[in-house]
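Laboratory data are not the source of any read-out in this text; all were calculated from the coordinates shown. All values reported here derive from a predicted model rather than from experimental measurement. Using ideal geometry, Cβ is built from the backbone for each residue, glycine included, and neighbour counts are taken over all protein chains shown.
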Number of protein chains: 2
Amino acid sequence: MTWLDVSTENCSIQRSLGVIGEKWTLLLIRDAANGVHRFDDFRRHVGLSEAVLADRLRTLVSAGIFETREYQAEGQRRRREYRLTAKGWDLYPVLIALMNWGDKYEADPAGPTRIVEHLACGHPVEAVVRCTHDGAVVGPRNTRAINGPGAHLIPA
Amino acid sequence: MTWLDVSTENCSIQRSLGVIGEKWTLLLIRDAANGVHRFDDFRRHVGLSEAVLADRLRTLVSAGIFETREYQAEGQRRRREYRLTAKGWDLYPVLIALMNWGDKYEADPAGPTRIVEHLACGHPVEAVVRCTHDGAVVGPRNTRAINGPGAHLIPA
């Protein structure tokens, strides 16, 4: 069974994109990771309509990526804010990998808008792929993809 | 200038998604990384129409992520096939990070369809974020995001 014979329906990349692949969704996750939590702040900063934002926030909450907390500003009614869950924070390597690639290939000459630095030493961070066993940093040349236990044939 | 005041127009995550964020685009890159190179193979395996596929392939070639090579099967006319460039292969951490997250949260009980293993030892690989200076594996708790040189205010 070669990759061309394997159904992509349950491919994990495809499944991930099924959850976070909609336009704006990853940008809301980016903003939440940068401390944005409130509806109006998301709306103004990411630049989308109330209806689209409300829809994407619902999707993110029902996917378990955002959770809501109540807050109450003085003299105002109670509102909900949106925070990343552990599942949401687990997208951190996805965000950094996208940022690194954009910094390298798509940034303005002035440079990136955002730098993520290691608190302990102040140097920037990077997403890499490594072996879970020996920790070696690897790339496409010294890895290979094989079928996993969930691989099944494309239905005829 | 807090993150909420910074224009997201030139954010590197947003720029990356501007190139690879369209539906199907990352799935075509996934397939190319798994050895799929030909129009009809992409079409059947990823499951999209000729028109959409042709459009996405054009986008990927003009973005410098795919390049074309001619090939000629015996007794057939010359055709083009599509290969990842160095810029395209630099999305490897994005693909692995999406795969890891999907494996963890969205896979079927049977397990993942695909395992990427380190050739040298046969163990699976993972995307991690590390410090470019001391190599420490880091997460949101021991890093912080600060404005970079390209950060500018949202136009009034």
Within chain A, helix-based [θ] at 222 nm, where runs of 4 or more DSSP H residues each add -39,500 (n - 2.57), nearest 500: -9500 deg cm²/dmol
Nearest-ten-degree value, helix B:50-62 long axis tilted from longest Cα axis of chain B: 60
Added length on full extension, which subtracts the Cα-Cα distance from 0.36 nm per residue, A:Ala73 to A:Thr85: 2.0 nm
Fewest-first sequence of A:Trp3, A:Trp89 by Cβ atoms within 10 Å of each Cβ: A:Trp89, A:Trp3
Scaled radius of gyration (Cα, divided by 2.2 N^0.38 Å) that chain B gives: 1.29
Sequence ranges B:64-72, A:107-115, B:118-126, ranked by mean other-Cβ count within 10 angstrom, highest first: A:107-115, B:118-126, B:64-72
Cα-based equivalent ellipsoid, the protein assembly as shown: semi-axes from gyration tensor eigenvalues, Å: 34, 22, 21
Exam field: B:Asp108 pseudo-label spacings to other copies (7 Å along Cα-Cβ), nanometres: 4.7
Tilt relative to chain B, helix B:92-105 - C-alpha long axis, 0 to 90 degrees, to 10: 80
Shortest-first distances to equivalent copies, position B:His123, nm, label 7 Å out along Cβ: 2.3
Shortest-first distances to equivalent copies, position B:Gly64, nm, label 7 Å out along Cβ: 4.0
Partner chain coverage, peptide B:148-155 - average Cβ within 10 angstrom: 5
Calculated FRET efficiency for the pair A:Leu119/B:His123, C-beta based, R₀ 41 Å, to 0.05: 0.85
